[in-house]
Structure formats: C-alpha cells, structure tokens
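> Here it is: the structure, laid out below.
The values are calculated or read from the model by the stated rules, or taken from the named source; none is laboratory data. Computed from a predicted model, the values in this text were never measured in an experiment. Virtual Cβ from ideal backbone geometry, glycine too; neighbours counted across all protein chains shown.
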Amino acid sequence: MHKFKDLKVWQKSVDLATEIYALTKKFPADERFGLVSQINRGAVSVPSNIAEGAGRNTKGEFNHFLGIAIGSSFELETQLIISQRLNFIQPEELNDIVKKVNDIQNMAFGLQSTLR
C-alpha cells in the first residue's frame, strides 16, 4: 500500500483538477451537461484512480489503476482540444494546461515502470 498523498503525480493531478474546475466555470451555460461535465469528471478521475490504485493490495493492481488514470488524462486532453476549437478556451490556456497534463502522464508512466 502506498501513501497516495505523498505521490507527486497525485498532488499535481489534484492541482490540475482544481484548475480545470475554475476553467470550465467560464464555459457557456449550455455546456454544463456536455463538455463541462465530461472535462470535470475526467480531471477528477485522474487523481481518484491514482489514489484507488495506491490503496490496493498489489503492485499489479496499482499499475492497473495508473493505466486508468493515464487513459483519463488522454481523454481530458482530447476534450480540452475540442474546447479550444470551439473557442471556449484560448490557445495559450490550452497550451499551459496540456503541458501540465503531459507532465502528469509522464510521471504516471514513470511510476508504472517502477511497479513492473
């Protein structure tokens, strides 16, 4: 069992989720049940799956949940790109957030490699 709160990847993904919620508050109201909901759920899914995996009994289970977190991060990245194309966010906002998402992805991949 790992102490998930000590994991930098978990800390950064919680920070990102908080930032994503602030960002999506600026989206059009009619997107509340569309992209806003999808993006927010994806952002929350990343640290949630890292935490769940850390609480599991084996490295294999932890690795599995890291894989889910990574998948959610790619889904989130895709939704952010769509949001920028719809002009809900500015290109520079997208670039800043995608850098953070990519950093989290790389950290999660790195953590996975230590579990194998």
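> Go through the stretch 8-20 and report how many residues are more than 17 Å from Val98 (Cβ to Cβ) and not basic (Lys, Arg).
3
> Which ones in the stretch 72-116 are within 20 Å of Lys3 (Cα to Cα) and more than 10 Å from the chain's Cα centre (by Cα)?
Scanning the stretch 72-116 gives Asn106, Met107, Ala108, Phe109, Gly110, Leu111, Gln112, Ser113, Thr114, Leu115, Arg116.
> Report whether or not Ala43 is under 19 Å from Asn95 (Cβ atoms), surrounded by 16 or more Cβ atoms within 10 Å (Cβ to Cβ) and modelled with pLDDT of 95 or more.
Taking the combined requirement at face value, the residue satisfies it.
> Residue under question is Thr24, and the condition is that it be farther than 20 Å from Asn106 by Cβ, surrounded by 19 or more Cβ atoms within 10 Å (Cβ to Cβ) and among the polar types (S, T, N, Q); does it hold?
Answer is yes for this residue.
> Could you list, in sequence order, all residues of the stretch 9-50 that are farther than 20 Å from Gly71 by Cα, in contact (Cβ under 8 Å) with a residue 24 or more places away in the chain and among the aromatic types (Phe, Trp, Tyr)?
Phe27, the sole residue that qualifies.
> Also: Could you please give the count of residues in the stretch 1-12 that are surrounded by fewer than 16 Cβ atoms within 10 Å (Cβ to Cβ) and assigned to a loop (DSSP other than H, G, I, E, B)?
2
> Could you check the stretch 13-116 for helices (runs of 4 or more DSSP H) lying wholly inside it with 3 or more residues that are among the aromatic types (Phe, Trp, Tyr) and at negative phi?
Helices (runs of 4 or more DSSP H) meeting the threshold: 59-85.
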